[in-house]
Number of protein chains: 4
Amino acid sequence: MVQVAVCGPADCSDTETAWAYQTGALLAARGAVVLTGGGSGVMAAALDGAHSASGVVVAIRPDGRPPDHRPADPDRTDAAVTIRTGMGQARNAILIASADAVIAIGGSWGTLSEIALACRTGVPVVSLGGWTILDRTGTRVPGVVLASDPADAVAAALAAVAG
Amino acid sequence: MVQVAVCGPADCSDTETAWAYQTGALLAARGAVVLTGGGSGVMAAALDGAHSASGVVVAIRPDGRPPDHRPADPDRTDAAVTIRTGMGQARNAILIASADAVIAIGGSWGTLSEIALACRTGVPVVSLGGWTILDRTGTRVPGVVLASDPADAVAAALAAVAG
Amino acid sequence: MVQVAVCGPADCSDTETAWAYQTGALLAARGAVVLTGGGSGVMAAALDGAHSASGVVVAIRPDGRPPDHRPADPDRTDAAVTIRTGMGQARNAILIASADAVIAIGGSWGTLSEIALACRTGVPVVSLGGWTILDRTGTRVPGVVLASDPADAVAAALAAVAG
Amino acid sequence: MVQVAVCGPADCSDTETAWAYQTGALLAARGAVVLTGGGSGVMAAALDGAHSASGVVVAIRPDGRPPDHRPADPDRTDAAVTIRTGMGQARNAILIASADAVIAIGGSWGTLSEIALACRTGVPVVSLGGWTILDRTGTRVPGVVLASDPADAVAAALAAVAG
């Protein structure tokens with residue numbers, strides 16, 4: 001299965017929330033597994049969008065098993081698979097390594113760390129409304145495809161996966 | 001969803017292979033997500049068994065994204081979700097932290113590390129044909145439930161999850 | 001430099017505390033860097049023993065940077081180097097991978113996970129007062145050298161390192 | 001002890017190499033432990049600089065224990081302590097979590113991931129000759145202190161640590 005990570009801030013705008021939801025739904029409709037970091041904001045919206053299209057979602061969370069852990073309600077068949085890494089922000093590296101492509105929506109330091117790890121390790125990255133990175137000469141650093149809306153982002157990500 | 005890890009050696013006996021396949025199938029039939037370490041032997045058999053019952057399987061692998069990575073064939077809808085941790089044997093800790101219960105089949109050092117991590121962190125463990133651990137007085141260390149066959153193991157694991 | 005991990009329970013006996021202190025001191029006197037998991041009990045005693053012999057100690061801790069982090073007092077030159085993995089029990093795998101040999105003192109599930117990871121990955125292990133592991137036929141699983149006291153353990157560990 | 005990470009590209013310019021060496025030497029002269037990612041380029045130069053001033057250096061490497069591992073020559077007392085995480089680029093998160101402050105020299109995706117992780121988790125960052133990050137309005141994203149030379153960078157990092 002093709003696995004696409006949707007990354008973005010836990011604290012995001014209404015536009016970013018809508019973009020994330022649509023991105024998740026479009027990916028699921030195309031049969032891709034949606035990977036997220038398991039947080040709120042862009043992460044939660046992408047998960048909800050994928051669920052709306054009956055997609056498989058895996059939330060790769062920074063926290064581990066809590067001392068008072070109770071499993072999710074087995075009757076809630078819509079819930080995501082949850083990987084509890086217990087590794088804090090190091091889970092970003094797992095999320096990226098597990099992705100065939102990354103769609104980043106909005107800007108934050110956590111999101112930037114994921115974009116940077118993806119570029120470092122050769123995972124295709126598509127950005128929708130994110131930060132800009134300039135090298136010492138003021139030139140945009142290459143490596144990230146810019147998209148204008150969710151449909152554009154999903155098309156670019158799946159095209160990159162197909163190679 | 002309830003998530004149960006099936007652990008065991010990559011190099012295993014025919015009996016252990018059969019047990020792992022049946023365990024995966026029984027878990028999937030009960031609606032549980034099957035987590036494995038993504039290797040051969042017990043891990044592969046548990047995955048195949050869960051697939052035979054149309055279950056969701058997540059393979060949490062020790063290796064990361066290879067330099068020449070190509071995504072899985074998108075038409076192979078039976079393939080497992082793959083988490084490429086890139087963390088070697090540290091992925092054992094992620095597998096255990098993500099599990100609501102663990103079924104260990106057979107004995108090996110890697111399997112023992114998973115049992116020990118589970119007992120260390122309070123994840124219920126059921127053992128089918130595994131090693132025995134004695135304390136300094138020669139007494140069996142408590143913490144692992146012994147099962148006699150796959151049906152017994154699955155019943156014990158799900159009972160432990162239900163609390 | 002030779003790096004030797006000293007592993008053992010956070011909650012240990014007086015004998016184990018004394019053994020760990022002597023082990024740390026003997027390793028430091030032989031010029032080995034002492035690696036520990038950074039906790040209490042055996043871990044703290046090994047660290048103190050190595051400090052008593054002016055050794056270099058690295059504490060590889062399970063927790064990460066706390067929100068209210070303050071660096072250690074720069075005038076406390078006796079303090080250990082601290083690696084804050086933020087990875088919970090997955091730090092056990094880092095501790096083992098970083099060790100040229102492991103000395104395990106006493107028994108606990110966390111300690112057993114470290115012994116198992118070491119045996120899984122080929123790191124020599126010397127055990128002083130630990131648990132016993134039997135395979136399905138009731139035979140002791142090979143791979144761990146048994147020591148009778150700290151001097152014996154240190155000699156065995158350094159001999160294993162020297163190959 | 002105060003622990004400062006020196007980050008930067010494995011493939012760097014002569015100026016960056018010289019800056020890294022001086023930064024390592026200045027940190028060691030001030031009594032700080034120097035943490036690096038254990039690679040070539042900026043990482044190796046920072047390590048060499050710290051050694052030149054008899055400092056303690058810890059190399060937190062991405063790779064794990066190789067199958068044919070041989071410990072470092074015990075007579076080479078100048079060698080760094082080596083943490084073999086076996087976690088690939090996830091080691092960047094460990095390096096950052098273990099640092100009281102970060103000095104980034106030059107620009108690369110790996111270095112940017114470390115800067116982003118530091119800003120995400122509240123570790124002070126000083127940048128010497130690095131990339132620039134602009135938000136959607138074209139404004140420089142705050143959070144990184146810019147330095148003009150190694151002495152400036154070390155002074156800024158230690159001032160940030162002192163709070």
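The values are calculated or read from the model by the stated rules, or taken from the named source; none is laboratory data. All values derive from a computational prediction rather than experimental measurement. So basically every Cβ, Gly included, is an ideal-geometry build from the backbone, and we count neighbours across all protein chains shown.
Values computed for the structure shown
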| item | result |
| --- | --- |
| The stretch B:131-146: number of residues that are under 15 Å from the mean Cα position of the chain (by Cα) and either basic (Lys, Arg) or at the interface with chain C (Cβ under 8 Å from one of its Cβ atoms) (or both) | 0 |
| Where residue D:45 falls short, out of the listed (1) at pLDDT below 95; (2) more than 9 Å from every other protein chain (Cβ to nearest Cβ) | (1) |
| Failed criterion for residue C:16 (all others in (1) under 26 Å from residue D:163 (Cβ atoms); (2) acidic (Asp, Glu); (3) not in a loop (DSSP other than H, G, I, E, B) hold) | (1) |
| Subset tally (residues that are surrounded by 24 or more Cβ atoms within 10 Å (Cβ to Cβ) and of a type in the set (Gly, Ala, Ser)) for the stretch D:1-15 | 2 |
| Verdict on residue B:61 being closer than 22 Å to residue A:37 by Cα, modelled with pLDDT of 95 or more, more than 11 Å from chain C (Cβ to nearest Cβ) and surrounded by fewer than 24 Cβ atoms within 10 Å (Cβ to Cβ) | yes |
| Qualifying position, being surrounded by fewer than 24 Cβ atoms within 10 Å (Cβ to Cβ), free of Cβ contacts under 8 Å to residues at least 60 places away in the same chain and within 17 Å of residue C:91 (Cα to Cα), among C:25, C:29, C:18, C:44 | C:44 |
| Qualifying positions in the stretch B:23-68 - charged (D, E, K, R) and within 27 Å of residue A:96 (Cα to Cα) | B:48, B:61, B:63, B:65, B:68 |
| Test result for residue B:38, in contact with a helix residue (DSSP H, G or I) (Cβ under 6 Å, 6 or more places away or on another chain), without any contact (Cβ under 8 Å) to a residue 60 or more places away in the chain and buried (at least 22 other Cβ atoms within 10 Å of the Cβ) | no |
| Any chance residue A:154 is more than 7 Å from every other protein chain (Cβ to nearest Cβ) and in a strand (DSSP E or B) | no |
| Single residue of the stretch B:97-114 satisfying the filter (among the hydrophobic types (A, V, I, L, M, F, W, C), more than 19 Å from residue B:2 (Cα to Cα) and more than 10 Å from the chain's Cα centre (by Cα)) that is surrounded by the most Cβ atoms within 10 Å (Cβ to Cβ) | B:112 |
| Number of the exception - residue D:124 against (1) surrounded by fewer than 24 Cβ atoms within 10 Å (Cβ to Cβ); (2) within 30 Å of residue D:64 (Cα to Cα); (3) at the interface with chain A (Cβ under 10 Å from one of its Cβ atoms) | (3) |
| Residues within the stretch C:98-120 that are out of contact with any Phe, Trp or Tyr (no Cβ under 7 Å at 6 or more places or on another chain) and either more than 7 Å from chain B (Cβ to nearest Cβ) or at pLDDT below 95 (or both), tallied | 13 |
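Each row is one residue, and each column tells you yes or no for (1) polar (S, T, N, Q); (2) under 23 Å from residue D:91 (Cα atoms); (3) in contact with an Asp or Glu (Cβ under 7 Å, 6 or more places away or on another chain).
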{"site": "A:96", "(1), (2), (3)": "no, yes, yes"}
{"site": "A:100", "(1), (2), (3)": "no, yes, no"}
{"site": "A:129", "(1), (2), (3)": "no, no, yes"}
{"site": "A:140", "(1), (2), (3)": "no, no, no"}
{"site": "A:147", "(1), (2), (3)": "no, no, no"}
{"site": "A:158", "(1), (2), (3)": "no, no, no"}
{"site": "A:161", "(1), (2), (3)": "no, no, yes"}
